[in-house]
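Here is the structure we will look at.
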Amino acid sequence: MSRKSGLGKGLEALIPTGEGTGLGTGVQQISIDLIRPNPRQPRDSIGGDGLEDLAASIVEHGVIQPLIVSVSETGEGYVLIAGERRLEASRMAGLSRVPVVLRQASDQERLEMALVENLQRTDLNPLESALGYQMLAEDFGLSHEEIAKRVGKSRTSVTNTLRLLKLSQAVRDALTDGAISEGHARALLALPTAKSQSAALRTILKSDLNVRQTEILVRRLSGERLKPRAVHKRSADEVHLENKLRESLGTRVTLKRGKKGGSLVIRFYSDEELNAIIDRLLGEAAES
C-alpha cells in the first residue's frame, strides 16, 4: 500500500533504501546492454535539446543519479523504470555499465513511476501526460481521482489533460510542436468536429490569436451571438482574480462587474469536468 502514497510525494520516494525490498542495498553497476526500454514510457521522444550536453557531462563526471530498473518478467535482463534520457546519453558517451537501483515493480507501477519522474522534471508535453493518464485509466481501470493521487496532481488537472485527446490530429500536432498553447487547445475543445477545430486552428495561426481571442472565435464559430458590451476598463485586481480562478479550476472563468455587484461565469464541457469543479469548490470551502 505504500506505493500508492509514495508516488505523489516526490522522486526520492521511488528509490528504495534496501529495507524490505529483497534486492539488496545501494547502487549496483550493470551492463548497459542488459537494460531494455520501459514499454510503458509515456514520453514519445527522448531526443531534443540537452541530450548531447548530458552525454558530455557523463563523459566528464559519470552518471551522478542512478537509473531505476526492475528485473524483467523472464528473469533475463532488466526493464527501465526511470532514467531514459540518462540511459540514452550513457550510450552516446560510450559507457558499457551504468549505476542502477533495483526496484520490484509491476507493469502498472512502471508506468506510474515513469509518469512521476517525467512530470516532476516537466519533461512531458500535455499530450504525453494525457496518453499516460489514458493508459492508467483504460489498461488498469483507475479513476481520475486515483490517477491524480498516483501522480501528485489534482483531479481537475487530470480530467482536463485527458480531454486534450479529443482534439483533432491537426490541433494535437500544433500543440506538440508548440505552435499553440494548452490554453488555445482547451478553447478549441468546445468545437464539436475535427473539421471545425482545424479550421479555427488555421485562423489562430494566421492571425496569431491569443487565448482570449481564441475563446471569442470559438464562440462565434459555435453560433453564439456576441452582444456588444459597454466599454468597461477592468482593474488589474479583477484581471488577476479571473486568471487565478481559471488556473485553479482548470477551465474558462469570466468575472463581470455590474452597477451593483456582478457575476462569475464558470464554463464546463462535460459532466465529469462539472463534477471535478464542484469537488474543487466544495472541498476548498470545507477546508476554509
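What follows draws every value from the coordinates through simple rules; no lab data is involved. Since the structure is predicted, the reported quantities are computational estimates derived from the model, not experimental observations. With ideal geometry, Cβ positions are generated from the backbone for all residues, glycine too; neighbour counts draw on all protein chains shown.
Could you please rank MET113, MET92, placing first whichever residue has the fewest other Cβ atoms within 10 Å of its Cβ?
MET92, MET113
Where does each of GLU247, GLU52 land when they are ranked from fewest to most other beta-carbon atoms within 10 angstrom?
GLU247, GLU52
Extension gain GLN213-SER263, at 0.36 nm per residue separation less the Cα-Cα distance, in nm? Don't skip to the end; give the middle numbers.
Details: separation 50, 0.36 × 50 = 18.00 nm, distance 2.09 nm.
The GLN213-SER263 span can extend by a further 15.9 nm.
How much FRET efficiency would the formula 1/(1 + (r/R0)^6) give for VAL239 and GLU146, where r is the Cβ-Cβ distance and R0 is 35 Å, rounded to 0.05?
E(calc), rounded to 0.05, equals 0.45.
Charges only on Cβ, +1 for Lys and Arg, -1 for Asp and Glu: so what's the dipole of the stretch 236-287 about the Cα centre, in debye to the nearest 20? Don't skip to the answer; put the middle values down first.
Details: 9 positive and 10 negative charges, 100 e Å.
The calculation lands at about 480 debye.
Gain in length, LEU274 to VAL59, computed as 0.36 nm per residue apart minus the alpha-carbon separation, to one decimal in nm? Before the final figure, lay out each step's value.
Numbers: separation 215, 0.36 × 215 = 77.40 nm, distance 5.14 nm.
Taking 0.36 nm per residue and subtracting the Cα distance, the gain is 72.3 nm.
Answer with one residue from THR193, LEU165, GLY152: the one whose Cα lies farthest towards the positive end of the charge dipole of the stretch 146-204, charges on Cβ with Lys, Arg +1 and Asp, Glu -1.
Looking along the dipole axis, the top candidate is GLY152.
In the stretch 132-237, which trypsin sites (Lys or Arg not before Pro) are in a loop and have at most 15 other Cβ atoms within 10 Å, using DSSP for the loop call?
ARG225, ARG229, LYS233, ARG234
Would you mind checking the pairs LYS166/LYS244; LYS149/LYS195; LYS149/LYS244 and listing those with alpha carbons more than 30 angstrom apart?
Going by Cα-Cα distance, LYS149/LYS195 fall outside the 30 Å limit.
Counting other beta carbons within 10 Å of each Cβ, put THR74, THR254 in order, fewest first.
With the fewest neighbours first, THR74, THR254 line up as THR74, THR254.
Using label points projected 7 Å from each Cα along Cα→Cβ, tell me how many nm separate ASP107 and GLU52, to one decimal.
Taking the two extended label points, one gets 3.9 nm.
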